[in-house]
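Here's the structure, in structure tokens; my notes come after.
The values are calculated or read from the model by the stated rules, or taken from the named source; none is laboratory data. Since this is a predicted model, take the numbers as computed values, not measurements. Don't worry about glycine lacking a Cβ; one is built from the backbone with ideal geometry, like all the others, and counts go over all protein chains shown. Just so you know, the surface numbers come from the protein's heavy atoms only, side chains and all, with ligands and any DNA or RNA stripped out. Shrake-Rupley method; radii C 1.70, N 1.55, O 1.52, S 1.80 Å.
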Amino acid sequence: MNFDLEKFKVHGEPLIYGAMISIALASIGIVVGLTVFRKWGWLWREWLTTVDHKRIGVMYILAALLMLFRGGIDALMMRLQTAAPDMKFLDAQHYNEVFTTHGLIMILFMAMPFIIGLMNVVVPLQIGARDVAFPRLNAVSFWLFFFGAMLLNISFVIGGSPDAGWSAYFPLASLEFSPTVGNNYYSLALQISGIGTLITGVNFIVTILKMRAPGMKLMRMPMFTWSVLITNVIIVFAFPVLTVALALMMFDRLFGSQFFTMANGGMDMLWANLFWVWGHPEVYIVILPAFGIYSEIIATFSKKNLYGYTSMVASMLIISLLSFVVWAHHFYTMGQGVMVNSFFSISTMAIAVPTGVKIFNWLFTLRKGRISFTTPMLYSLAFIPIFTIGGVTGVMLAMASADYQYHNTMFLVAHFHYVLIPGAVFAVIAGFHYWFPKVFGFRLNERLGKHAFWWIIISFNVAFFPLFILGLMGMTRRMYTYSAETGFGPLNMISFAGALGLAIGFAILVYNIYWSTRYMPRDKTGDPWDARTLEWATHSPIPEYNFAVVPNVKSLDAFWAMKYDKQPLFEDQITKIHMPSNTGKPFVLGVVFFFLGFFLVFSMWIPAIVAGIGVLIVLAAMSFDRDHGFYIPADKVIKTEKKLGGGTL
Amino acid sequence: MKVDTSKPLEYGTHENSNRIFGFWVFLGAEIALFATLFTVFFVLANRFADGPSGSELFEIGPVLIETFLLLTSSFTIGLAVHAMRHQYKRAMLVFFGITLLMGLGFLGIEITEFVTYVHEGATLQTSAFLSSLFVLLGTHGAHVTFGFLWGAAIMIQLMRRGINPATANKSFIFSLYWHFLDVVWIFIFSFVYLKGLM
Ligand code: HEM
Ligand SMILES: [Cu+2]
């Protein structure tokens, strides 16, 4: 092994040194803070070792928010660089790294974990369960995601970030054309967090199919739970494809195999196919749960049950099937022939039909509803027209022949931000506002919430609508600079202003969290929105056992039926409750995987083998573990319930 | 934890039957994984570049022994589960042990094969065909290796703790895994070796 310090260094940019210094300062700050306030034990006992689905959910959401800001700063840097002709803010290499990490982080380390966080918090409650099926595996999922994300994040300061786009097309991403370690980070960071996601998929399928409260038939499940079930089925079938693709990429880059090379029989298009066989379903993994979130919010704040429940479920199933047969629309222009293009063109456009069904169902739910315009409802209402623009431009792109015109232009960039931002970001923000009081016991301030909302919605359109026009004018995607003669300048400047506005909106959102934590009155009812589904039937904040008594479900929207049709929900007696005990092993597993990934990135074989053995040892320790958890005795449950106000009794 | 005695031991508790169901779901993901690897192999199967092709490389003898070992071990792990249902701890351990030994034998032959290929100048780097061959076989082989370690851990637990709902559950899940590896091998045998030899 030849040890070469040069490989670790990232050169030149003052921005990078700035990032290094701020990372170092922040880390020192955290360590000092925890020590001064004697919080290490608390952090370990209450959070790092937790197996409670609610806390794991909160950690997912915190990490996702952090990544939203990381990805957002990348976005601002790109918009600043292209704000005017011939800008000298970023060089070409740095721009490449920034758009690559921006895409990766936004989709894999922000949108998806945010969704998984919400689903961790909400789904067990919505189905009346005490926990997920495998609480410890749930912790494993989180820590693999977290350390995968950290591995990608350190690439910026150690060795250099991936620079071949989030789709990492070959041969561009091969060792020959991307000789830095950047794409090694890509393959390993995504692999580690991807394994975590796959485990989540298995865990939630079992949770939803096997842990529902008595009486909750499949067709009595809340729409968010339905969307999560379908999403996790997609995860289980799509993620293995990514696992293979990333492994082959790693073999090509680290061990000189010939999968995607141009010589020796390799096939670059094989990568494109594998990537998008996973990648297209991936965008539905983030968008379907968003549909579920909007369904809950729109029903709650219209004071009506969801219109067309069955067709909502059916349309999601159809979308999930179609999502697997459209992947080649990502490379119409790469010479795959008329028949293939036609097939993928038609199947892509077909997705518009079930999506349209959903839009109409939401509109019919609103019709004659008693609508209250709360912050989560505002996001849901704004979603409908904006997402429709995204959808219509999607159909435009789906036409293979027309795509030869828009392909790889800013039109595409505008299109996918018009679907991803309302379809994922607005949804998680809406869900965040909606379920926040459940988790913390108080609402976010509505006035600040609405302030942030208007900033975000208006700035979003200012930032992205100009890109449609720029695309039609011929400005290509991933272009780091242009000359004044192109005429792209003014619209790009407007777009930059929009990006700044978005940043202000998100800053207000964060300030709202701070302000509300200090000043908002606490909610004693557990049901601040007068909602319909089971998660509102327990206290806020939620006791560790979720429900003192497991609910007996007799209809759709059972909680609503309890409140207004006097249908009893909690009929059994309180008995002792079985709980899983905390464990530090999932955290340790994450750390060991992090080192394994890091050593592989730099081809440090001996440390990598040691870390690999470390993984096996932790797994063995988990297998030999004999901790079967503990019981909370009935009288202690009764005491807790009395203290919390005993709404369920 | 409540144990339901009307069911086989490995399904005895709620958690146990969830684990078995969860493992089936996981096997769904494994099927997707191997299906992808097979697809990659089929796409690259005729891209030999300057390297050897399957018919120049493969020898039927060792492959038949590998097949025999794996198929038989799938049978013996079934016998182990059968013994478990009757609480015959000794017999169960013996069958378990035989299964793992045959797995080890399989691995030994596979590694010898790989070494031979490399000596004949057929490496991971030679051609796309060989890359996909090594990765497909290697992934299966890595699964067998992992299965060996996992099975050994379960055997130690069986020896120390006896047959109880927890160890029975683990053993049963392990048997599902082992059968799955067998099924994958049958595909490898038919579509990689037999087809390659033709
Ligand atoms: C919040 C404001 C955002 C702004 C201002 C923004 C801006 C941009 C810009 C300027 C590009 C690169 C255009 C180019 O040079 O090709 C880009 C690419 C991209 N963005 Fe965003 N974005 C934002 C949010 C998001 C979100 C929330 C997601 C996903 C959930 C996302 C996903 C992507 C992807 C996948 C790419 C493609 C990266 C690549 O070309 O490899 N963006 N974005
Ligand atoms: Cu697509």
(request) First measure r as the distance between the Cβ atoms of A:Ile458 and A:Glu485, then evaluate 1/(1 + (r/R0)^6) with R0 = 45 Å and state the FRET efficiency to the nearest 0.05. (result) 0.90
(request) On a C-alpha basis, how far is the centre of segment A:480-510 from the centre of segment B:56-130 in Å? Whole number, if you could? (result) 60
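At most 15 other Cβ atoms within 10 Å plus a DSSP loop assignment makes a site exposed; report the longest stretch of chain B without any exposed GluC sites (Glu not before Pro).
It works out to B:121-198.
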(message) Helix A:182-210 against the longest principal axis of chain A: what's the angle in degrees, Cα atoms only, rounded to the nearest 10?
(response) 30
(message) Within 10 Å of each candidate Cβ there may be at most 12 other Cβ atoms; applying that plus a DSSP loop requirement, which chymotrypsin sites (Phe, Trp or Tyr not before Pro) in segment B:136-198 survive?
(response) none
(request) Could you work out how far helix A:135-154 tilts from the main Cα principal axis of chain A, as a 0 to 90 degree angle to the nearest 10? (result) 30
(message) If each DSSP helix of 4+ residues adds -39,500 (n - 2.57) and the sum is divided by the residues in chain A, what number results at 222 nm, nearest 500 deg cm²/dmol?
(response) -21500 deg cm²/dmol
(message) Can you show me the helix-derived [θ] at 222 nm for chain B, built from DSSP H runs with n ≥ 4 at -39,500 (n - 2.57) apiece and divided by the number of residues, rounded to the nearest 500.
(response) -27000 deg cm²/dmol
(message) With just the Cα atoms defining each centre, how far is segment A:111-130 from segment A:220-283? Give it in Å.
(response) 24
(request) Set the Förster radius R0 to 35 Å, insert the Cβ-Cβ distance between B:Ile156 and B:Lys195 as r into 1/(1 + (r/R0)^6), and round the FRET efficiency to 0.05. (result) 0.30
(request) Working with all protein chains in place, sort B:His179, A:His329 by solvent-accessible area computed with a 1.4 Å probe, largest first. (result) B:His179, A:His329
(request) Could you size up the charge dipole of segment A:5-571 around its Cα centre, putting +1 on the beta carbon of Lys and Arg and -1 on that of Asp and Glu, and report it in debye to the nearest 20? (result) 1940
(message) If the reach is capped at under 18 angstrom between alpha carbons, list the lysines near A:Lys643, excluding any in the same chain fewer than eight residues apart.
(response) A:Lys438, A:Lys524, A:Lys576
(request) Please go through segment A:602-642 and write out the trypsin sites (Lys or Arg not before Pro) that DSSP classes as loop and that have at most 14 other C-beta atoms within 10 Å. (result) A:Arg626
(message) How much accessible area per residue does segment A:110-224 have, counting only protein heavy atoms and a probe of 1.4 Å, in square angstrom?
(response) 22
(request) Select from segment A:26-98 those trypsin sites (Lys or Arg not before Pro) which occupy a DSSP coil region and have at most 11 other Cβ atoms within 10 Å, ordered by residue number. (result) A:Arg38, A:Lys88
(message) Can you tell me how segment A:481-622 classifies by the Cα gyration tensor, rounded, prolate or oblate, using a/c under 1.5 as the rounded cut?
(response) oblate
(request) State the Cα centre-to-centre distance between segment A:585-608 and segment A:71-88 in whole Å. (result) 34
(request) Return the value, in Å² to the nearest 100, of accessible area buried between chains B and A (probe 1.4 Å, both sides summed). (result) 3000
(message) Please compute the length gained on full extension between A:Ile504 and A:Asn305, using 0.36 nm multiplied by the number of residues separating them and subtracting their Cα-Cα distance.
(response) 68.1 nm
(request) Can you pull the one-decimal nm distance between simple spin-label points at A:Ile384 and B:Glu56, each 7 Å off the Cα toward Cβ? (result) 6.7
(request) For segment A:5-571, calculate the relative contact order in percent as a whole number, restricting contacts to Cα pairs under 8 Å that are 6 or more residues apart. (result) 16
(message) Could you tell me how many cubic angstrom of Cα convex hull volume segment B:1-104 has per residue?
(response) 131
(request) Using the Kyte-Doolittle scale, find the helices of chain B whose mean hydropathy is at least 1.0 and whose Cα atoms extend 15 Å or more along the helix's long axis, counting only whole DSSP H runs. (result) B:14-44, B:60-85, B:89-119, B:128-161
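Among A:Lys54/A:Lys368; A:Lys585/A:Lys642; A:Lys303/A:Lys554; A:Lys450/A:Lys554; A:Lys210/B:Lys89, which pairs are too far apart, with a Cα-Cα distance over 27 Å?
A:Lys54/A:Lys368; A:Lys585/A:Lys642; A:Lys450/A:Lys554; A:Lys210/B:Lys89
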(message) Just want the answer: with Cβ charges of +1 for Lys and Arg and -1 for Asp and Glu, which residue in A:Leu317, A:Leu108, A:Leu306 is farthest toward the dipole's positive end in segment A:5-571?
(response) A:Leu306
(request) Pull out the extension gain between B:Asp4 and B:Leu64, defined as 0.36 nm times the separation in residues minus the alpha carbon to alpha carbon distance; nm, one decimal. (result) 17.2 nm
(request) Set the Förster distance to 41 Å, then compute FRET efficiency between A:Val353 and A:Ser623 from the Cβ-Cβ distance, nearest 0.05. (result) 0.30
(message) Net charge around A:Leu34, counting only other residues with Cβ within less than 15 Å of its Cβ (Lys, Arg = +1; Asp, Glu = -1)?
(response) +2
(request) With the cut-off at 21 Å, report for segment B:9-197 the share of all Cα pairs above it, as a whole percent. (result) 53
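As a test of the definition: which semi-axes, in Å, follow for chain A when you take the square root of five times each eigenvalue of its alpha carbon gyration tensor? Largest first, please. Mind dumping the intermediate values first?
On the way: eigenvalues 304, 188, 119 Å².
Taking √(5λ) for each eigenvalue gives 39, 31, 24 Å, largest first.
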(request) Compute the long axis of helix A:268-302 from its Cα atoms, compare it with the longest principal axis of the Cα atoms of chain A, and write down the angle in degrees, 0 to 90, nearest 10. (result) 30
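Once you average over the residues of B:120-127, how many Cβ atoms of partner chains fall within 10 Å of each Cβ?
Across the residues of B:120-127, the mean count of other-chain Cβ atoms within 10 Å is 4.
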(request) Determine the share of the protein assembly as shown's accessible area contributed by carbon and sulfur atoms, expressed in whole percent, with a 1.4 angstrom probe. (result) 71
(message) Projecting each Cα onto the charge dipole of chain B (Lys/Arg +1, Asp/Glu -1 at the beta carbon, about the Cα centre), which of B:Thr145, B:Leu93, B:Leu37 comes out farthest on the positive side?
(response) B:Leu93
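Across the residues of B:10-20, average count of Cβ atoms on other protein chains within 10 Å?
Numbers: counts 0, 0, 0, 1, 4, 6, 0, 2, 8, 4, 1.
Rounded to a whole number, the mean comes out at 2.
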(message) Quick check for you: which residues of segment A:572-601 have the amide N under 17 Å from the point 7 Å beyond the Cα of A:Lys636 toward its beta carbon?
(response) A:574-583
